[in-house]
Amino acid sequence: MQSGETTDISDPFDEYWENLTPRQQVASVFMFHYPGTDGDAIRGFLEEIQPAGVILMGDNIPDEEDIVATMVDSWQKTVDLPFLVGIDQEGGVVSRIDSDPAPGALELQDGPPELIEEAFRDRGRRLRQLGINLNFGIIADHTDDPHSFIYDRILGTTPALAARGVEAAIKGEHGLVYSTLKHFPDHGAAPGDSHTMLPSTDISLEQWLSSGALPFEAGIKAGVELIMTGHLRYQSIDEIPVSMSKKWNDILRDDLGFDGVIVTDSMLMLEGSDEYPDTVANDVAALESGASLVLDLSGLDGDDVNRHAHAVIDGVLDAIDTGLLDKDTVRDASKRVWKLRHKLLEK
């Protein structure tokens with residue numbers, strides 16, 4: 001909702017939003033990671049913080065993987081609106097579960113779309129069996145450089161092949177889990193590993209529109225639900241990292257026509273940067289720029305995660321109180337996330 005618009009009291013989101021406390025309103029646009037396989041501890045965290053959901057990492061997956069389904073079920077029983085339960089399950093080099101029956105990107109790369117669709121359908125079925133409803137698993141980047149850090153994870157080495165692969169992967173996951181494309185606007189064009197640095201490129205917007213944009217455009221047309229922004233710097237377009245760039249979020253919304261959830265890559269990845277060492281400030285900047293869902297992996301243990309989550313919420317509330325962040329911006333983000341969570345009630 002834009003500032004000044006009249007609230008439609010018939011909109012079920014309005015009732016949801018108005019029944020939240022200010023802390024819960026802020027929490028509704030965050031996804032955190034809570035470490036370990038203690039399902040009760042994770043449930044306690046979710047009940048206390050009330051975020052949009054959690055992301056499961058490798059440390060959350062017990063040796064007997066089917067236990068995950070029981071854990072997730074116990075969390076979902078505590079709420080009327082289902083949590084988003086996400087995971088990075090690309091297959092191949094980025095896998096959180098070992099029981100994934102499908103080949104990874106390197107085996108599928110530049111291959112027939114029918115095989116890519118089948119692989120992601122099999123992967124989606126396994127994730128759904130485990131209670132996972134959101135996969136951060138489809139790489140829309142492209143590069144023909146085998147030395148690139150992203151090369152082993154891409155579905156296509158050219159824009160056209162990546163677009164074809166993305167479309168097939170989304171088709172495979174459809175109806176099983178929510179799909180995510182990453183790393184917008186294209187990690188392949190920005191050399192380096194964004195886990196350890198801020199990769200940058202000087203390509204122009206026109207160059208990008210004819211190359212890196214194509215897989216994301218294909219994914220949007222195929223109905224992808226989420227797009228993940230990368231910690232990348234496209235210097236000729238915006239000096240600010242894409243994950244905190246209003247200009248890039250506007251390009252994604254206005255030029256590419258994406259109306260779904262814009263999720264950031266893990267904000268923990270920026271902590272080592274001399275320019276962006278403050279995670280709470282970065283989270284606020286991501287929301288102010290138009291991100292719908294902030295992925296905040298603190299890297300902390302146990303109760304420290306609770307304290308961190310509260311500190312993040314405090315920081316966002318302070319930003320709203322001081323006028324740095326418009327509350328309607330948070331509300332708009334929350335509504336996009338709410339739509340995904342509400343739709344889970346139909347499944």
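The values are calculated or read from the model by the stated rules, or taken from the named source; none is laboratory data. Computed from a prediction, not measured in an experiment: that's the story for all the values here. In this analysis, Cβ positions are derived from the backbone assuming ideal geometry, glycine residues included, and neighbour counts consider all displayed protein chains. Each accessible area value is taken on the protein alone, full model and side chains, heavy atoms only, with ligands, DNA and RNA left out. Shrake-Rupley method; radii C 1.70, N 1.55, O 1.52, S 1.80 Å.
Values computed for the structure shown
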item: Range of Cα positions in the stretch 12-92 per principal axis (Å), largest first; result: 42, 26, 20
item: ³J(HN,Hα) computed for each position of the stretch 103-117 - Karplus, 6.51 cos²θ - 1.76 cosθ + 1.60, integer Hz, glycine/proline x; result: x, x, 4, 4, 6, 8, 3, 6, x, x, x, 4, 6, 5, 4
item: The stretch 62-135: C-alpha pair distances exceeding 15 Å, %; result: 56
item: Carbon plus sulfur fraction of accessible area for the chain, probe 1.4 Å, in percent; result: 47
item: Under-5 Å amide H pairs with L181, H placed in peptide plane, nonlocal only; result: L226, I227, M228
item: Between the stretch 280-295 and the stretch 134-153, the alpha-carbon center distance in angstrom; result: 24
item: Hull volume in cubic angstrom per residue (convex hull over the Cα atoms of the stretch 241-347); result: 123
item: Hull shadow area, averaged, the stretch 112-192 [alpha-carbon convex hull, nm²]; result: 5.1
item: Estimated vicinal HN-Hα couplings, Hz - the stretch 316-330 in sequence order (Karplus 6.51, -1.76, 1.60; Gly, Pro = x); result: 5, 4, 5, 5, 5, 5, 8, x, 5, 10, 6, 4, 5, 5, 5
item: Binned Cα-Cα distance frequencies in the stretch 128-251 - 5 Å width, integer %; result: 2, 12, 22, 24, 20, 13, 5, 2, 0
item: Loop GluC sites (Glu not before Pro), the stretch 33-127, which have at most 12 other Cβ atoms in a 10 Å radius of their Cβ (DSSP); result: E64
item: Residue-normalised accessible area of the chain, given per residue in Å² at a 1.4 Å probe; result: 41
item: Spatially proximal aspartates and glutamates relative to K77 (Cα-Cα < 12 Å; intrachain offsets below 8 disregarded); result: E47
item: Considering only the chain, percent of DSSP beta bridges that pair antiparallel, nearest 5; result: 5
item: Integer Hz, Karplus 6.51/-1.76/1.60 couplings in order for the stretch 123-140, x for Gly and Pro; result: 5, x, 4, 5, 5, 5, 4, 8, x, 7, 10, 9, 10, 8, x, 10, 7, 9
